[in-house]
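Enquirer: Structure below; questions to follow.
Read the figures in this text as sums done on the coordinates, not as results from a lab. Quick caveat, the model's predicted, so the values are computed rather than measured. Here Cβ is always computed from backbone atoms with ideal geometry, including for glycine, and neighbour counts include all displayed protein chains.
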Amino acid sequence: MVMPMTSNGLRALEIPDSLNYVGVFLYMGCNLNCSYCINDPDQASRRGDLFPNHGSYLSPEEFAAGLNRIPPRSDLPITLQGGEPSLYHGSKGLGTLLGLLHHKVDLLVNMVSKPDKLVESIAPHKDRLTRDAPYPSVRVSYHPDEMKRIWGEDAPNELVRRCQRLADAGLSVRPEKRDSDVGIYLVDYPGHPEAEAEMARAAKGKVPFEKKEFLGVYDGRLYGSYLYPFSTDLYSRIGYEGSISCECRTTELLIDPFGFVWRCHYFLYQAMSSNRMIEPYRRLREMDFRFSEHRAALCGALEQAPSGHILDPDFTVDQVFAFQPCDSYGHCIGCDTKIKNNRHQSLYDLNIPHTSVIIRNLQLPDFLMRRAEAGHPDGEGKIHD
Ligand code: SF4
Ligand code: SF4
């Protein structure tokens, strides 16, 4: 099928029904430094140093030109995330982008910056963030240690008050999840066991509040349920030496602040924290973003190259969705291999586990295979079919 041209002269993208998520990492910097931040594959409290502001990310207009190639679908919002996406483009970019996008949008923010700017950004475009969905579109994360460092012991109440301010932007802020455009989410990190009760008290009757599974290693134990054994802790906890290969494909579009599209979170975070895409990005701009044509010249020597660029006139989703070999198995980020619902709530309703990536031909050594099949007491599950 030949897709129509968009108003920017780029061809609309053909989107397979299996596309489950569009995540745009608008801005990788953050005003917090959470020890468990999943942007840092080692979760080693060094997030603040990992993602400097390059100052040359795609502009809101360029992002909109790329993202508006994706035909809007009521059940597939574009999720703006980071880092902290409200800081994008000097904290002015989010509003501009919301005004240009044709899609419904989900927003993942921490609301640590004064809420006035966010209210100002959202208010003229609030219809982008309101939709009939079973969960809030603006998901505000609660980070007890970092937020208490800034706001003191009143941090839970302060965050609730900031969420309530979003009503001034025209969003619905109600206690029930189904009725509210705004919700508070806490990573169920074992290091702050009192946080859930504190936030539950503060949010009661005001804003929906939920826990999110902690993904990672704490005190030698792996937390989270993963479809593929040792996918996240092969090196960090098991201490394996060597590499394990497989074939892997994604069901998501993950787009970095430069507009590159990646096959998984690990590849994206590694590229952003190593700064290795700054020079290819600078050169690609001079080539009118024709990534497919110049891929070899730009990324020939890179082991983990992007799958495409959202402004490349020849970009297709097929380029991202094909199975490709990978030698980095075991470094996978939990959000790619954890068992979860897809956008149709497949796990809850049909008992069909969904993962963001699909892995096959996994070359796991026999001793690890046996250990996985036995189900390891430290939290690693059995191999699933
Ligand atoms: S607020 Fe989110 S992105 Fe920022 S450091 Fe904490 S977990 Fe990471
Ligand atoms: S196997 Fe893991 S590291 Fe390799 S592409 Fe898949 S998710 Fe990424």
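Enquirer: Which value results when the Cα radius of gyration for segment 224-370 is divided by 2.2 N^0.38 Å?
Expert: Normalised Cα radius of gyration, segment 224-370: 1.13.
Enquirer: Let me spell out the model: positive unit charges on the Cβ of Lys and Arg, negative unit charges on the Cβ of Asp and Glu, origin at the Cα centre of the chain. What dipole size does that give, in debye rounded to 20? Write down the numbers at each step before the final one.
Expert: Values: 43 positive and 51 negative charges, 142 e Å.
So the magnitude is around 680 debye.
Enquirer: Stretched out fully, how many nm does the piece from ILE278 to ALA374 gain, at 0.36 nm a residue minus the Cα gap?
Expert: Numbers: separation 96, 0.36 × 96 = 34.56 nm, distance 4.45 nm.
Length difference between fully extended and current span is 30.1 nm.
Enquirer: Another question about this same structure. Using unit Cβ charges (K, R positive; D, E negative) and no other charged atoms, how large, in debye to the nearest 20, is the dipole of segment 150-275 about its Cα centre?
Expert: Values: 15 positive and 19 negative charges, 65 e Å.
That gives segment 150-275 a dipole magnitude of about 320 debye.
Enquirer: While we're on this one: Could you point to the residue in ALA322, SER59, SER180 farthest towards the positive end of the chain's charge dipole, with +1 and -1 charges on the Cβ of Lys/Arg and Asp/Glu respectively?
Expert: SER180
Enquirer: Right, something else. Test of understanding: in a Gaussian network model of the chain with alpha carbons linked when under 10 Å, which of LEU80, LEU368, LEU254 would top the mean-square fluctuation ranking?
Expert: Highest fluctuation among the options: LEU368.
Enquirer: Something else about it: Could you check which residue among PRO85, PRO144, PRO353 shows the biggest mean-square fluctuation in a GNM of the chain with a 10 Å Cα cutoff?
Expert: Taking springs between Cα atoms under 10 Å, the residue moving most is PRO353.
Enquirer: Set Lys and Arg Cβ to +1 and Asp and Glu Cβ to -1, take the dipole of segment 92-237 about its Cα centre, and tell me which of LEU227, GLY95, LEU166 lies farthest positive.
Expert: GLY95
Enquirer: Let me ask something additional. At LYS126 and ARG73, where each label point lies 7 Å from the Cα along Cα→Cβ, what is the point-to-point distance in nanometres?
Expert: Simple spin-label model gives 2.9 nm for this pair.
Enquirer: Where the eigenvalues come from the Cα gyration tensor of the chain, what are the semi-axes √(5λ) of the equivalent ellipsoid, largest first, in whole Å?
Expert: On the way: eigenvalues 180, 165, 78 Å².
Each semi-axis is √(5λ); the values are 30, 29, 20 Å.
Enquirer: Between beta-carbons, use under 13 Å as the cut-off and find the net charge around SER7, counting Lys and Arg +1, Asp and Glu -1.
Expert: Values: positive: ARG11, ARG69; negative: GLU61.
Here the charged neighbours net out to +1.
Enquirer: Ok, one more. Compute the signed sum of charges (Lys and Arg +1, Asp and Glu -1) over the other residues within less than 9 Å, Cβ to Cβ, of CYS246.
Expert: Numbers: positive: ARG360; negative: GLU247, ASP327.
Every neighbour counted, the sum reads -1.
Enquirer: Treating the beta-carbon of each Lys and Arg as +1 and of each Asp and Glu as -1, no other charges, what is the dipole magnitude of segment 84-144 about its Cα centre, to the nearest 20 debye? Display every interim value, and only then the final one.
Expert: Working: 8 positive and 6 negative charges, 8 e Å.
The calculation lands at about 40 debye.
Enquirer: Can I ask one more? Is there a pair in LYS114/LYS206; LYS117/LYS148; LYS148/LYS212; LYS104/LYS148; LYS126/LYS338; LYS117/LYS206 whose C-alpha atoms are over 28 Å apart, and which pairs would that be? Spell out each step's value before the answer.
Expert: On the way: LYS114/LYS206 20 Å; LYS117/LYS148 22 Å; LYS148/LYS212 19 Å; LYS104/LYS148 33 Å; LYS126/LYS338 32 Å; LYS117/LYS206 22 Å.
LYS104/LYS148; LYS126/LYS338, as the Cα separations exceed 28 Å there.
Enquirer: Aspartates and glutamates near LYS92 by alpha-carbon distance under 16 Å, same-chain residues fewer than 8 away left out - which ones?
Expert: Excluding near neighbours in sequence, the set is GLU61, GLU62, GLU84, ASP116, GLU120.
Enquirer: Of the options MET199, LEU118, ILE310, report the single residue whose Cα projects farthest towards the positive end of the charge dipole of the chain (beta-carbon charges: Lys, Arg +1; Asp, Glu -1).
Expert: Farthest along the dipole direction, towards plus: LEU118.
Enquirer: Could you run the Karplus curve 6.51 cos²θ - 1.76 cosθ + 1.60 with θ = phi - 60° over segment 111-127 and give me ³J(HN,Hα) per residue in whole Hz, x for Gly and Pro?
Expert: 6, 7, 5, 3, x, 3, 5, 5, 4, 4, 5, 7, 3, x, 10, 4, 5
Enquirer: If you don't mind, another one. How long is the gain from ASP366 to GLU293 if the chain were fully straight, where each residue apart is worth 0.36 nm and the alpha carbon distance is subtracted? Write out the running numbers ahead of the final one.
Expert: Details: separation 73, 0.36 × 73 = 26.28 nm, distance 4.17 nm.
Working it through step by step, the gained length comes to 22.1 nm.
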